[in-house]
Amino acid sequence: MEVLKNYINGSWVSSKETGTIAVVNPANQEVLAKVPYGDKTLLDVEGAVSAASAAFKVWRATPVMKRVQPLYKLKQLLEDKLDEIARLITLECGKSFIESKAEIQRAIENVETACATPVLIQSEFSEDIASGIDEFMIRQPVGVSACISPFNFPGMIPFWFLPYAIACGNSFILKPSEKVPLTMMKAFELIDQLDIPEGLINLVHGGKSCVDALLDHPEVKAISFVGSTNVARYIYQRGAANGKRVQAQGGAKNPVIVMPDADIEMAAKIVADSVYGCAGQRCLAASNIITVADQKGIITEALVEAAKSKTTGFGLDEDIEMGPVITPESKRRVETLIARGVSEGANLLLDGRNAKISGYELGNFVKPTILENVALDGEVVNTEIFGPVMSLLHMQTIDEAIDFVNSNSYGNMACLFTSSGLNARTFRNKANAGNIGVNIGVAAPMAQFPFSGWNSSFFGDLHAQGRHAIEFYTQTKVVIERWPKEWSRKF
Ligand code: NAD
């Protein structure tokens, strides 16, 4: 069985770690590869940082127009290999092939947006801020940057950072999730074809000790993290204590309000897509669904029908809308939380536990589940389930629903379905979350906009994507200049 290599200084090299863990297809437990995992992966970080430091010295002096040229080629290569990469995402991560393709499309859009860096990096100039004195600000790269990514979007999330980091003149080290490293192995085969300095973009495999080595290394200046909230908080604290700039995106528990004036059929379909898409393993998955004044249970009925219609199975098979969750432990955790919801008093309108998919009996499948009237002071209503479970709540007014939305400790996304402009305006003004959807189920910002998590969904100041990425990957320098006439040489 292949042990995955690191990509350091422009070459594929074996890890110094001999311990490995298996990369497993969650639909059938087939072992796809082995990935280095253990305390010695920190030695690999040393090699990657030293290569990235050397490359940075050359790259920071390369004009920005030249720095974006490899991105045009990367876009083309990603488009050419889109199906191949998407297939790998489905194999190691479990989501449907269509979802995997859409994920790579989002990655490509970030590469395209980073191609605008020559404009986005332009800065400010004020002539004569005092008599004969000019002042201006320039943006310079920060140095070696590193990204630690989660399992649920193995193809997209590294590209929330990588293209911007290098377009801004930094070098880059990626530590992908040990659960899904194959997608980035393929992406790095494409990166290997780019005309860039050796060591500019590196990949190291590993887990906590590898991450800690990146957090502690004095030459790593910027850390981008995406993952669960507890780890995000830890990354932010340890990175910041070591003097680095850190952006750490965490977990979520996303509420969606459905008003009685919404197009109920359409809303139910979109909400079900949000709850069950990627088997609920999106940081923007809708989780707590609040119906408002659902007098005759019309909204509830439409949601149950939409949930029932979802097809579950192996993501590469035809017409499959929902794949497995990532590991057997995840499946157990999700099923335990469903049982907890029931013990806290919820009605189980749809029970997706003990799912059996013919031909994939070993897969980590949980089918669509709906818990109605979950306890407001219980565990389920406040816990990121990260599985295909809808918690359904009924309230009487939009104000009550918004108060509930704002009582949550997370703030990744909040959505409203309505046909009233006034409701929409009130909601977007008051909802305590950084990504807002109005008649949208997954309010995922496009590459031009920041991925704006709030509260315990985000630690830091500048988010991923767009202008925030340019600001994160550059440091400002302000220059005040005077050229007095009497000091100028006469010719
Ligand atoms: P995770 O936190 O377990 O792992 C993320 C990364 O951190 C991995 O590369 C892992 O190797 C590393 N890691 C894990 N434990 C660590 C530790 N103790 N110290 C240092 N590094 C550690 O997250 P996951 O299970 O891979 O991903 C799912 C989570 O990510 C969910 O909570 C989801 O909401 C969140 N997520 C958030 C966003 C967002 O934009 N806010 C996007 C995608 C996923």
(request) Test ILE157 against the stated conditions and say whether it is more than 16 Å from GLN247 (Cβ to Cβ) and either in contact with a strand residue (DSSP E or B) (Cβ under 9 Å, 6 or more places away or on another chain) or open to solvent by less than 10 Å² (accessible area, probe 1.4 Å) (or both). (result) no
(request) Among the numbered conditions (1) assigned to a helix (DSSP H, G or I); (2) touching a helix residue (DSSP H, G or I) at 6+ places or on another chain (Cβ under 8 Å); (3) buried (at least 24 other Cβ atoms within 10 Å of the Cβ), tell me where GLN247 comes up short. (result) (1)
(message) Between ILE480, ILE470, ILE436, which is under 30 Å from ALA130 (Cβ atoms), touching a helix residue (DSSP H, G or I) at 6+ places or on another chain (Cβ under 6 Å) and either crowded, with 22+ Cβ neighbours inside 10 Å or at pLDDT 95 or above (or both)?
(response) ILE470
(request) Return the residue satisfying two criteria in turn: it lies in the range 177-190 and is under 29 Å from GLN140 (Cα atoms) and buried (at least 23 other Cβ atoms within 10 Å of the Cβ), and of such residues it is nearest to the ligand (Cβ to nearest atom). (result) MET184
(message) Could you check the range 113-155 and list, in sequence order, the residues that are among the hydroxyl-bearing types (Ser, Thr, Tyr), touching a residue at least 60 places away in the same chain (Cβ under 8 Å) and either part of a strand (DSSP E or B) or within 16 Å of the ligand (Cβ to nearest atom) (or both)?
(response) SER145, SER149
(message) For the range 305-332, which positions are basic (Lys, Arg) and surrounded by fewer than 16 Cβ atoms within 10 Å (Cβ to Cβ)?
(response) LYS308, ARG332
(message) Taking the criterion of being under 21 Å from ASN25 (Cα atoms), within 16 Å of the ligand (Cβ to nearest atom) and under 26 Å from the mean Cα position of the chain (by Cα), would at least one residue in the range 334-349 satisfy it?
(response) yes
(message) Could you tell me how many of the residues in the range 328-363 are in a loop (DSSP other than H, G, I, E, B) and without any contact (Cβ under 8 Å) to a residue 24 or more places away in the chain?
(response) 6
(request) Name the single residue, out of those in the range 446-460 being in contact with an Asp or Glu (Cβ under 9 Å, 6 or more places away or on another chain) and open to solvent by 40 Å² or more (accessible area, probe 1.4 Å), that is nearest to the ligand (Cβ to nearest atom). (result) MET446
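The values are calculated or read from the model by the stated rules, or taken from the named source; none is laboratory data. These numbers come from a predicted model, not from an experiment. All Cβ positions, even for glycine, are placed from backbone atoms using ideal geometry, and neighbour counts span all protein chains on display. Surface areas here come from the heavy atoms of the whole protein model, side chains and all, with no ligands, DNA or RNA. Shrake-Rupley method; radii C 1.70, N 1.55, O 1.52, S 1.80 Å.
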